[in-house]
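Q: Below you'll find the structure I mean.
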Amino acid sequence: MNPVLSDKTVGVMGSSRNPHDSLASEIGRLLADLEVNLLTGGGGGVMAAVCRAFVQARRGRGVCIGIIPCSEADPGTPKDGYPNEFIELPIFTHLPFSGERGHESLSRNHINVLSCAAIVVLPGSQGTLAEASLALRYRKPVIAYLADDALGKSLPKTIPRAAQVEDVRRFLRECFRGAV
């Protein structure tokens with residue numbers, strides 16, 4: 001029996017500008033190794049870095065999904081720079097808001113969080129903080145994998161922090177109860 005897509009989907013949320021290559025690459029390879037689906041916002045920075053590592057890793061299963069925001073000027077057009085070249089399944093939306101407006105109903109952040117079985121937060125700014133808060137609001141398992149980054153100080157204290165990629169692996173195995 002095949003699980004529902006979201007039952008094996010891990011969302012990775014992080015900066016749209018800075019790739020934080022070391023952290024993102026470790027997480028991308030981990031998710032490929034676990035043979036889960038990867039879901040991001042489909043843009044640059046952390047999103048592109050984690051997608052690149054995931055797609056380039058050897059994997060038997062899993063797809064790289066991007067939830068694509070639209071241009072504020074034209075809801076029928078993707079936002080500039082979206083989707084990144086590593087997205088295998090782009091899901092285009094009519095939702096333009098992100099960043100400081102990431103909590104609002106016209107933000108794709110709700111879809112990013114609700115479509116996942118677990119969330120991994122990497123360094124980012126206002127949009128990432130919004131997704132982390134939404135993960136708590138929607139009661140999604142969430143962990144932060146951060147280097148020495150200001151985001152860690154801004155995240156709700158209830159979100160556990162991982163110091164090593166193996167901490168993230170243990171967290172995800174617990175979320176999937178040994179299924180990965």
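Q: For Tyr138 and Asp33, FRET efficiency with R0 = 22 Å and r from the beta-carbon atoms, rounded to 0.05?
A: Working: r = 26 Å, r/R0 = 1.20.
About 0.25, to the nearest 0.05.
Q: FRET efficiency for Arg173 and Ala73, Cβ-Cβ distance as r, R0 = 41 Å, nearest 0.05?
A: Numbers: r = 44 Å, r/R0 = 1.07.
Working from the Cβ atoms, E equals 0.40.
Q: Separation between the Ser22 and Lys157 pseudo-spin-labels, each 7 Å from Cα along Cα→Cβ, expressed in nm?
A: So the label points at Ser22 and Lys157 sit 2.8 nm apart.
Q: Taking the mean number of other Cβ atoms within 10 Å as a proxy for protection, how do you rank 114-122, 72-80, 129-137 from highest to lowest? If you can, show how the numbers build up before the last one.
A: Working: 114-122: 23.4, 72-80: 12.2, 129-137: 21.4.
In descending order of packing, they fall as 114-122, 129-137, 72-80.
Q: How big is the antiparallel share of DSSP beta bridges in the chain, given as a percent to the nearest 5? Please report the intermediate quantities before stating the final value.
A: On the way: 1 of 21 bridges.
Rounded to the nearest five, the antiparallel share is 5 percent.
Q: Which distance in Å, rounded to a whole number, links the C-alpha centroids of the stretch 26-42 and the stretch 93-142?
A: Each part's Cα centre sits 17 Å from the other's.
Q: Which of the trypsin sites (Lys or Arg not before Pro) found in the stretch 41-77 are loop residues per DSSP with 12 or fewer other Cβ atoms within 10 Å of their Cβ? Write down the numbers at each step before the final one.
A: Details: sites: Arg52, Arg58, Arg59, Arg61; in loops: Arg58, Arg59, Arg61.
Answer in residue order: Arg58, Arg61.
No value in this document is a laboratory result; all are computed from the given coordinates. Every value quoted in this text rests on a predicted model; they were computed, and no experiment measured them. Neighbour counts are summed over all protein chains in view; Cβ atoms, including those assigned to glycine, are modelled from backbone coordinates with ideal geometry.
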